Amino acid sequence: MNKLICATVAAFALLAGACDQDPPEARFGVDVLGLVYEVDDPNEGVYPNKSVLSNDNNPFRNSDLSIETRFALTGEGAVVAAFYAWATQLTREPTGESQFYAALSLAGIYETSAVTDDADLETVRLMSIAGAQSVLDHFPESVTFDVTGTIPTRLATLAYLLIEELGGRVEGDWVLVETPDGGREAVRGSGGGDQ
Amino acid sequence: MRGSIPRSVAVIATLVFACACAPIKTATVASTVPGTGKASAATRGPNKVQVYKDVRGFKLKVDGKDFMVFGMNWGYLPIGENYNYSLWTKSDSFIKQVLDKEMKLLTAMGGNAIRQYVGIPARWIQYIYEKHGVYTILNHPLGRYGMTVDGVWQSPTNYASRRTRQVIRSEIVKLVEGYKNTPGLLMWLLGNENNYGLSWKSAETENLPKEQANRARAKHLYSLFGEAIDEIKARDKNHPVAIANGDLGYIDLIVQYCKNMDIMGSNVYRGYSSRDLFDVVKKKLDVPFLYTEFGADAYDAKRGREDGEAQAEYLRTLWQEIYEHSHGKGRAGNAIGGLTFQWADGWWKYRQEVNLDVHDTNASWANDAYPHDFVKGENNMNEEWFGICAKGRPDEDGFYELYPRTGYFVLKRGYQLDPYAQTTTLATIRAHWGAIKTEELGPSPAVKRLAAQLRETSRVKVDNVRMDFRTFTTGGDGLTENSREKSRFDHLESFYIDLSSRPTKNVTAKLSLNVLGNVPVNPIDAIYYEKRGATVTEGEEDPFADIDRLAIYGASVTWDETWFQLRGFFRKGHYHWGYEGDFFNLYPEANYGGNIDLYNANVPIGFEIDFKRRLEGLKLAFGPELYWGANPQIIGKYERKLPGEVELALVHQEEIAQRAAGAISTVIPTPRSRRTSLYLAKELGRLKVEVGALWAGTPLIGEDYERSESSGDAPGYLNSGYFVFDDEIRLQDTFGSKVKLTYSNGPINWYAQGAYKGLVAVGGSDQTLTFTGWRLKESGQGNQYNALTGLTFTRNNFQVAPNFLYQKPLVGPLPSIEGYFDRPSGLYFPGTTPRNVLDDPFVVRGNQEQLGYELLLAYDPTPATFMWQFDNIKREDARLAASVDFVYRNYRQGQDANIGVFANGGLFAFPAAPPAEDLWEVNVRVISNPVRNLRILAEGFAGRGQARGDDTRVINRYGVAFRSSYLRWLVSGHLKIDDWGPFDYHRDFNFTFPVQAMADLSYGAVAPDWFYGRYTQLGVQGRFRTLDKYSDRFDPTSTGNGAEYQILSYLNISLY
């Protein structure tokens, strides 16, 4: 036991002397338009996964983004930045809107091949499908609004269409029906589901 | 016996000296049987007690007649009470009933004397003598367990202090003047093995080796004994003076300093025979000898069961030896009797303040002179089992039955021989005592068989059954839920069954179950233990709710082995290690009172192991949640004394995983960590120096964090006024250190401490108490440096205690800066938000920059019942004790964000924290025992406070609370103005109520238990509160303020 005590005292002393002194880095802007995506976790951006917060490539993991910034990134076609922005927001405030735009951004990454390794493209496609399916599973009644903030659109329908567009298969009892005005809407065959 | 008298004896004595009350008229006992212990009670003044000496030895003569002390260490202390209980504070009728019953039993055995510590009023000494013919040996402890000097509690007593000696001598003088003419007083007895408590420090002794230091201290002790003896003898010629030494320790100093001592008294535990004891006393002191304690316990530690016959055999041989060494038998001739230890079992003795209603079988010391249950390396002396009578549980009035063991009957038969009869010789003594067969006087074979069967059937037994029946009548106005506004009635039934099991002699397990009947939906305080069994939504049945109708309320297990003791706990509290080397409080206390019921938290859960023998000093604790909010972990501590009386402790805590959820915002799990601390302490006379090093949070090395610094006049990052830096946790952020100096000098005590804690060098909050009940303490968090200092000055029972704190985080809180995306450049400028413990490696919360001032004023005439003791509301025995504590906190910097808890238990971070404000609080506490059976506690508070969440409103809150009991009645209540509601979330979200009032009245089947509060009682309680826009459940569309009320009636039944 005495040896253990001595070793502990010595360890304290040695470790105290071994401290490095690199200065911290002053923060400046990050180029988010040029980001490319590297798959860190195949469930990233799919509720309730929160691994995006520990992804070092995520420039937003430590900051809150306004909704305007998130839409601005989406509008700029900065698909990787937009994904990180929406996926980060999804962990902080789980909504169908954040889930949908995270999935949509993944689809954008897939379509533009904005990945470090093309071998990851298939994974990204599947992630996008899983994100859209998550909208149907977890946020079936969520809506998003147009730029005026007044006209709602059901995200379930958009998610359904996104899955189809990516060549995926919608899980669950969702069906696409024609609305009286000629549009299409995803509804559940037997009704019910999570909110 | 070690620890066998209360430390408050000295204080009680101080109170009693002043009131040696008027005598009580009683019939006198006239019969006299010389020498056999049947006392004469013919005198109305003091008895003339003399030590008689001739060539054949010594005898005691009382009023001219030979007298052998067939004495008893007697006391009356019901199960469930401890050293604070005093029979003499009860009503006269109660005392008389007790004395009549017990003295009758004692005299039936042949007993003729009892030993009593100061505190017994003179009139009761007289009553015991005149009614029962029993003499009293009055014992002043001479500060054995500490004493009050000038209003300051001193423990251990410093016999080298001139003032202390003066106070003791003055007490002795008062005692003698007050009691010397009391009929029935047999002799004065000083101390109680004080030579075993020679541990005070002084500059004079600190540099001496331990033995020499003790001897130096012993000189002070025995010279004081000598002075006390002289004080007595100068004032009282009628009674001899004895001391109660620990065996024959320091007998040469007794020879040197106690020249006028009449009788040598000793507590002796030498087994079947005291061997050369009488001869040594004769040779060295040449005075008569009296056992002031001797005997054996009635528990067989080896076999794990009661054994009254073994105890009786020790008593038989020891008493035979007394007879043989008495006057004129041809041996030492100096034995004048003994005070058998003891009359009845002391259920309080093991741990003294907990498990008072449990007859602990823990053997606390080893003595190979008791071979029947001695096993090398194991303890065999069971402190709680020394009675020659077993003790029954008290009834509702506090009376209990005694059940004499074999030892009682052995003494009864033995005492029938007159030691001083002409015909009593060595041969007749040996024949008489030798003819007493303990096995014949013990329980009959049938009773033994029954006892064995009982042991078998009571392997699992029901300790208690409790039943709570409550009705709730509620209503209100201006509430968000319309249904709550109507007058509604509902009821609650909740049942508790406490089981215990003893599968082997060294394993004890306890289990408490709770079963629910109906669970109400209308209580206005909607969080309560039984809520778990309520329907999920009002009016909507939950098909699974019945699962929660049966719950484990608590469980514990104790496993006592030769080399370890294991204590398992589930919803049962444990203490911290702060007083035993855990300098950084890594293992906090886990006694949560009613809070774990309120939030239905299944904590703490785990077990502790204390190692023994060669691993003495090593402790381990392991469990999924050792304390509320703890991550699953194992923690170990090793503590030992190094050469030079340096105390060393090493603590290591390894968290195994991170807990995901919390129940309330104050117990949010912190990031998984690993901590090691080292502690060294040394006492230098009155100064104690403690230093410690902490290494904590290494799993967080490499984690990113953000920090900000004021940009001064520059616009800063995103024009925020701050420069923002990205950094990561480094090795140096894991170190912490702390230094503490305490200086104790009776009325003046001072401490100073300082600490430096790296960013993630997180410890626990300081739960130790330094001198007094200061609230301003180190938070224990990492990321700070701090300094504290405080002083207590006590005089004439008043204490003034200023205290100061300064602390500052190494890295300040993070401001809210909104991120910005610059379209033309494609650059994103990340914003910042206040840190929180869920997402960041460290935060600024309790460690925010502050300058704290505190002034504590206290008045406590009975410092032995320490005002800041956890159960002081039950123990305080002062007529009036009070304290006022004012704390002012000058916060100089804001905080990071706190964590909130959703109704479903999910956690979230508040987006911000309230800004820095100056906050203050005053707390007043008064506790009073103005007349017998009346107890009053009054508390008040006022203050300026802030929410824990993000609301910026500062509130000014006030309130008073009281509780009072008289006999079996208990009344309590409170009135709070603009205060937070009762639950954590009220403060998190800054929910306040303009008025909160409560009044409660109950009547118990027994006197109220102030601390534990579980007894049979019938009561009614009213609650009322008004609601405004800041209140929970207030409907903002209603006009004016809202209101809620609740009338609760309750019947609680407790079978024990």
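The values are calculated or read from the model by the stated rules, or taken from the named source; none is laboratory data. Worth saying up front: this structure is predicted, and the values here are computed from it rather than measured. A quick note on method: Cβ atoms are made from the backbone with ideal geometry, for glycine too, and the neighbour counts reach across all protein chains shown. Quick note on the areas: whole protein, heavy atoms, side chains included, nothing else; ligands and nucleic acids left out. Shrake-Rupley method; radii C 1.70, N 1.55, O 1.52, S 1.80 Å.
Some notes on this structure:
- Annotation: B:PRO824 fulfils all but one of (1) loosely packed, with under 15 Cβ neighbours inside 10 Å; (2) touching a residue at least 24 places away in the same chain (Cβ under 8 Å); (3) within 14 Å of another protein chain (Cβ to nearest Cβ); the unmet one is (2).
- Selection within segment B:713-768 - part of a loop (DSSP other than H, G, I, E, B), out of contact with any strand residue (DSSP E or B) (no Cβ under 7 Å at 6 or more places or on another chain) and in contact (Cβ under 8 Å) with a residue 40 or more places away in the chain: B:LEU759, B:GLY764, B:SER765, B:ASP766, B:GLN767, B:THR768
For every residue, the table says whether it meets (1) open to solvent by 40 Å² or more (accessible area, probe 1.4 Å); (2) away from chain A (no Cβ under 14 Å).
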{"position": "B:THR833", "(1), (2)": "no, no"}
{"position": "B:PRO841", "(1), (2)": "no, no"}
{"position": "B:VAL844", "(1), (2)": "no, yes"}
{"position": "B:GLN850", "(1), (2)": "no, yes"}
{"position": "B:GLU854", "(1), (2)": "no, yes"}
{"position": "B:ALA864", "(1), (2)": "no, yes"}
{"position": "B:MET867", "(1), (2)": "no, yes"}
{"position": "B:PHE870", "(1), (2)": "yes, yes"}
{"position": "B:VAL884", "(1), (2)": "yes, yes"}
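- Residue in segment B:892-905 that is charged (D, E, K, R), more than 22 Å from B:HIS974 (Cα to Cα) and either open to solvent by less than 40 Å² (accessible area, probe 1.4 Å) or part of a loop (DSSP other than H, G, I, E, B) (or both) present: yes
- Inside segment B:989-1009, residues that are crowded, with 20+ Cβ neighbours inside 10 Å, in a loop (DSSP other than H, G, I, E, B) and of a type in the set (Gly, Ala, Ser) make up a count of 0.
- Answer residue from segment B:494-536, given it is more than 16 Å from B:PHE472 (Cα to Cα) and among the aromatic types (Phe, Trp, Tyr) and is most open to solvent (accessible area, probe 1.4 Å) among those: B:PHE495
- The residue of segment A:122-137 that is farthest from A:ALA103 (Cα to Cα), among those that are open to solvent by less than 10 Å² (accessible area, probe 1.4 Å) and not hydrophobic (A, V, I, L, M, F, W, C), is A:SER134.
- Residue within segment B:424-442 that is part of a loop (DSSP other than H, G, I, E, B) and either acidic (Asp, Glu) or on the phi > 0 side of the Ramachandran plot (or both) present: no
- Those residues of segment A:98-121 which are open to solvent by 40 Å² or more (accessible area, probe 1.4 Å), on the phi < 0 side of the Ramachandran plot and free of Cβ contacts under 8 Å to residues at least 60 places away in the same chain, in sequence order: A:LEU104, A:TYR110, A:GLU111, A:THR112, A:ASP118, A:ALA119
- Summed over segment B:784-811, residues that are away from chain A (no Cβ under 14 Å) and under 18 Å from B:VAL724 (Cα atoms) total 1.
- Within segment B:119-159, being open to solvent by less than 10 Å² (accessible area, probe 1.4 Å) and touching a His at 6+ places or on another chain (Cβ under 9 Å) holds for B:LEU138, B:TYR159.
- Restricting attention to segment A:55-97 and to residues that are of a type in the set (A, V, I, L, M) and more than 10 Å from chain B (Cβ to nearest Cβ), the residue that is most open to solvent (accessible area, probe 1.4 Å) turns out to be A:ILE67.
- Residues that are open to solvent by less than 70 Å² (accessible area, probe 1.4 Å) and assigned to a strand (DSSP E or B) occur in segment B:397-412; there is at least one.
Matching residues to (1) farther than 15 Å from B:ASP560 by Cβ; (2) without any contact (Cβ under 8 Å) to a residue 12 or more places away in the chain; (3) surrounded by fewer than 21 Cβ atoms within 10 Å (Cβ to Cβ); (4) within 24 Å of the chain's Cα centre (by Cα):
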| position | (1), (2), (3), (4) |
| --- | --- |
| B:GLN352 | yes, no, yes, yes |
| B:SER364 | no, no, yes, yes |
| B:LYS376 | yes, yes, yes, no |
| B:ASN379 | no, no, yes, yes |
| B:GLU383 | no, no, no, yes |
| B:ARG393 | yes, no, yes, yes |
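- Test: residue in segment B:730-752 that is farther than 30 Å from B:ASN158 by Cβ, of a type in the set (A, V, I, L, M, F, W, C), within 14 Å of another protein chain (Cβ to nearest Cβ) and open to solvent by 10 Å² or more (accessible area, probe 1.4 Å): yes
- B:LEU454 vs. criteria among the aliphatic types (A, V, I, L, M) and not in a strand (DSSP E or B): yes
- Screening B:ALA696 against (1) modelled with pLDDT of 90 or more; (2) more than 10 Å from chain A (Cβ to nearest Cβ); (3) open to solvent by 20 Å² or more (accessible area, probe 1.4 Å) leaves a single unmet condition, (3).
- Comparison of B:GLU616, B:GLU608, B:GLU654, B:GLU645 shows that the only residue that is in contact with a Lys or Arg (Cβ under 9 Å, 6 or more places away or on another chain) and buried (at least 20 other Cβ atoms within 10 Å of the Cβ) is B:GLU608.
- Some residue of segment B:533-546 being at pLDDT below 90 and of a type in the set (Phe, Trp, Tyr): yes
- In segment B:275-289 there is no residue matching the filter, namely being open to solvent by less than 40 Å² (accessible area, probe 1.4 Å) and more than 16 Å from B:PHE58 (Cβ to Cβ).
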